[in-house]
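Below is one structure, written out as structure tokens; the observations come after it.
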Amino acid sequence: MRSGRTRRTPNQALRLLLAEAGWSGAQLAREVNALGAVQGTALHYDRTAVAHWVAGSRPRRPVPALVAEALSRRLGRPVREQDTGLGPAVGAAHGPGAPAGEPSAVERLDEVLRTTGRRRVALAGAYSLAALAIPYGPSAIPHGPLTVPHGPAAIHRGPPEPGRRSPLPPGRVGMAHVAAAHELLALFSRGDAVLGAGPVYEPLRQYLSASVLPWLQRDMKPAVRRELLTVASRLTYLCAFTHFDMNRHAAAQRLYLTSVELAREAGDRVGCGLALRGLSVQAHALGHFAEAHHLAERAAETALHQVPPHQQAFFHGQLAVALAGRGDPRHARHLAAAERCLERSQNGDTPVGAFHPGSLALQRAAVATSRGDRHAAARALDLSLRHRPADERRSRALSLAELAETQLAIGHLEQACRTWHEFLDLYPRVDSARADDRVRLLTAKARPYSANPVVTALLGRVREMHRRRPASHGPAT
């Protein structure tokens, strides 16, 4: 009598990758669990689970992406999900940098918006170093007028997402649509700076999904399409940053990469550079300093000569931070260049890529921290706070927390507690996972000094705030 159970095909691809990596099943399981923990997904795999994968079973998402990322880091080369035998079949879309015939930037935007919603955390996959091996530099961005197919037959019209509709009348998309998108970009950007990403990231994603994406799928003149792709790239960049602020790192990375592609399709060097810089900031925050440096260089090469002085400082400053993270003394050259650019700047207030003396001082603090000069870092953070506009609440809160931690590291306990209280004054008015991280770090760093009455009062205030503040967001990814 034949068994009704389907016979599995052994996963030879995964077996060979394990052999190349020199890993046992237990070692791969530990690395996957560790990557899951970093991204907010508690996993408890062991060698038995890996043996099942090698035998032909397939784990649920985001595990295939985590396996690919663990092997990429071990082998020092990109390993895609399908390379592990656990992901989509070869030939399926696998992100930016794919061969010709892959989906367009608009189709990628559609896909990434469908898989990064609040209730679709696992579908976003995992933050991936392999995905950063993107081929887009200055030479990959077209010059001159945008040449795209147009007319009803040339526009992709996939099935609409439930509830997706355009707020403007049907028909040909025009500059009124572009102007509306720019207005919403400014509104979302201000909301993020004042309130933190918590109230912004999901409405912004829905606006892209319900309005901007349907417009991009309709008929329009090539010049209008170029402008709409450009503002869509900026909105997608901002959406990426808000996901970064909520520690949703896999979704943030995919959105940044999609922003790169939208800008490239528009022939927009500035938008491409902004998104590459965003990827650099994220990589540096996650401790991937070599990748952060490479991305910061690509961003500057792509956009530095296309932007006004305040945004030139924006690119120079990140390059300085990335170089310092690698111990490269050339950081000083870029800090000086950023300062010269700001001196020539008339206005640094733009919805995307805003930069002012407070921003530069914060980057000076990051450089000093990388160099181990805590006193210089504290001075730069203090200067940043003095130049930081009052309505940039999230940035002020994070800078206050950083200053308090630096003061404690120097040995100024009571001064650090006073600064922490200033941070806690702002914290209830900011919804940001990065700010939540700072509260947890504050508690951990202050606890060894809990016998001190000043610290006791500080920790008591933190406990009281936790009782009053409801959880507003899900796990990090």
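The values are calculated or read from the model by the stated rules, or taken from the named source; none is laboratory data. Since this is a predicted model, take the numbers as computed values, not measurements. Note that we place each Cβ from the backbone using ideal geometry, even for glycine, and neighbour counts take in every protein chain shown. Areas reflect the complete protein model, heavy atoms only, side chains present, ligands, DNA and RNA absent. Shrake-Rupley method; radii C 1.70, N 1.55, O 1.52, S 1.80 Å.
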For the stretch 391-418 and the stretch 292-323, what is the separation of their C-alpha centers, rounded to whole Å? 27 Å
Just read off the accessible area of Phe244 with the full protein assembly in place, 1.4 Å probe, to the nearest 10 Å². 10 Å²
The stretch 257-272 - phi-based ³J(HN,Hα) in whole Hz, Karplus 6.51/-1.76/1.60, Gly and Pro as x: 5, 5, 4, 4, 5, 4, 5, 4, 5, 7, x, 9, 5, 5, x, 5
Can you give the local net charge around His52? Use residues other than it whose beta-carbon is closer than 12 angstrom to its beta-carbon, Lys and Arg +1, Asp and Glu -1. +2
Can you give the local net charge around Ala336? Use residues other than it whose beta-carbon is closer than 12 angstrom to its beta-carbon, Lys and Arg +1, Asp and Glu -1. +2
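Summing +1 for each Lys or Arg and -1 for each Asp or Glu, what net charge is found among the other residues whose Cβ lies under 9 Å from the Cβ of Ala320? Present the calculation step by step, with values, prior to reporting the outcome.
Numbers: positive: Arg330, Arg333, Arg364; negative: none.
Net of charged neighbours comes to +3.
Could you work out what % of the accessible surface of the stretch 35-83 is carbon and sulfur, using a 1.4 angstrom probe and leaving DNA, RNA and ligands out of the count?
Numbers: 1240 of 2510 Å².
Of all accessible area on the stretch 35-83, carbon and sulfur atoms account for 50 percent.
If packing is taken as the average count of other Cβ atoms within 10 Å, what order do 368-381, 202-215 fall into, highest mean first? Intermediate results must be reported in sequence, preceding the final value.
On the way: 368-381: 18.6, 202-215: 20.6.
Going from most to least packed, we get 202-215, 368-381.
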HN-Hα J couplings of the stretch 226-239 from phi, Karplus 6.51/-1.76/1.60, θ = phi - 60°, integer Hz, Gly and Pro as x? 4, 5, 5, 4, 5, 6, 5, 4, 5, 5, 5, 4, 5, 4
Using protein chains only and a probe of 1.4 angstrom, how many square angstrom of Thr456 are accessible, to the nearest 10? 70 Å²
